[in-house]
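> First the structure, which I've put down as structure tokens, then a few questions once you've had a look.
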Amino acid sequence: MRYFELLELPVRFQVDKASLTRQYFRLQKQYHPDFFADADEAEQARVMEISSLLNKAYKTLQDPDETIKYILMEKGLMQEEEKYPLPNDFLMDMMELNESLMDAKMEGDTAAMDNIRQTITLKAQELYAHIAPIVETDQEPLAEETLLPVKDYYYKKKYLNRILAGFN
């Protein structure tokens, strides 16, 4: 996988942040465009591309949800802008949370809003508990059938994050 290979890190859902940072800075020093000012155009373009890829890799692998998305995309299990079907019972729960949030905001009910925020946090924790054995392993991400619950988690968590964004 390109980001992991580039940063010379093992492919894991849970990236060692210290190793990530150490590798990022080591490689940024090695491929910083300023060090190639006297190089020919082709070499400057190559170094600029590597530097840009390093920045994207670092940003992606710092965020656990973005790391999940990246690995699933690399495994061919997710597409950009994919329309992933979520279960109806989950969608109904989310609709109720959204309606409760709108009502609480209109009424200025901060206690209800705090309660909704706690409910969302608990739902996210419950969702994560189902995939923890998969994402917390020291082994490279597994076969497709094992990774499908991680994809489901990703899309449900993304939905919860959208509701949390409604608090602002």
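The values are calculated or read from the model by the stated rules, or taken from the named source; none is laboratory data. Note that this is a predicted model, so its numbers are computed, not measured. With ideal geometry, Cβ positions are generated from the backbone for all residues, glycine too; neighbour counts draw on all protein chains shown.
> Within region 146-167, restricting attention to residues that are of a type in the set (Phe, Trp, Tyr) and at pLDDT below 95, which residue is surrounded by the fewest Cβ atoms within 10 Å (Cβ to Cβ)?
Among those that are of a type in the set (Phe, Trp, Tyr) and at pLDDT below 95, it is Phe167.
> Another question about this same structure. I need a count of the residues in region 26-57 that are of a type in the set (S, T, N, Q) and more than 29 Å from the chain's Cα centre (by Cα).
Residues meeting the conditions: 1.
> Still on this structure: For region 134-168, which positions are within 14 Å of Arg12 (Cβ to Cβ) and over 14 Å from the mean Cα position of the chain (by Cα)?
Passing the criteria: Ile134, Glu136, Thr137, Asp138, Gln139, Glu140, Pro141, Leu142, Leu147.
> Only residues that are of a type outside the set (D, E, K, R) and surrounded by 13 or more Cβ atoms within 10 Å (Cβ to Cβ): list them for region 92-114, please.
Of everything in region 92-114, those that are of a type outside the set (D, E, K, R) and surrounded by 13 or more Cβ atoms within 10 Å (Cβ to Cβ) turn out to be Met94, Leu97, Asn98, Ser100, Leu101, Ala104, Ala112, Met113.
> Run Asp89 past the list (1) touching a residue at least 12 places away in the same chain (Cβ under 8 Å); (2) loosely packed, with under 10 Cβ neighbours inside 10 Å and report the number of the one that doesn't hold.
Of everything listed in (1) touching a residue at least 12 places away in the same chain (Cβ under 8 Å); (2) loosely packed, with under 10 Cβ neighbours inside 10 Å, Asp89 misses just condition (1).
> Continuing with the same structure: Taking Leu9 as the residue in question, decide whether it is in contact (Cβ under 8 Å) with a residue 12 or more places away in the chain and part of a helix (DSSP H, G or I).
No, not satisfied.
> Is it the case that some residue within region 123-130 is in contact (Cβ under 8 Å) with a residue 24 or more places away in the chain, among the aliphatic types (A, V, I, L, M), in the same structural domain as Lys157 (by TED's automatic domain parsing) and more than 13 Å from Ile163 (Cα to Cα)?
Yes, some residue in region 123-130 is in contact (Cβ under 8 Å) with a residue 24 or more places away in the chain, among the aliphatic types (A, V, I, L, M), in the same structural domain as Lys157 (by TED's automatic domain parsing) and more than 13 Å from Ile163 (Cα to Cα).
> Quickly run through region 116-145 and pick out the residues that are among the β-branched types (Val, Ile, Thr) and surrounded by 13 or more Cβ atoms within 10 Å (Cβ to Cβ).
Result: Ile116, Thr119, Ile120, Ile131, Ile134, Val135, Thr137.
> Here is a further query. Looking at region 12-32 only, could you name the residues that are part of a helix (DSSP H, G or I), touching a helix residue (DSSP H, G or I) at 6+ places or on another chain (Cβ under 7 Å) and farther than 30 Å from Leu142 by Cβ?
Gln28, Tyr31 - these are the residues of region 12-32 that are part of a helix (DSSP H, G or I), touching a helix residue (DSSP H, G or I) at 6+ places or on another chain (Cβ under 7 Å) and farther than 30 Å from Leu142 by Cβ.
Results for (1) touching a Phe, Trp or Tyr at 6+ places or on another chain (Cβ under 8 Å); (2) closer than 16 Å to Lys156 by Cα, shown as yes or no for each residue.
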residue	(1), (2)
Glu8	no, no
Arg22	no, no
Ala39	no, no
Leu61	yes, no
Tyr84	yes, yes
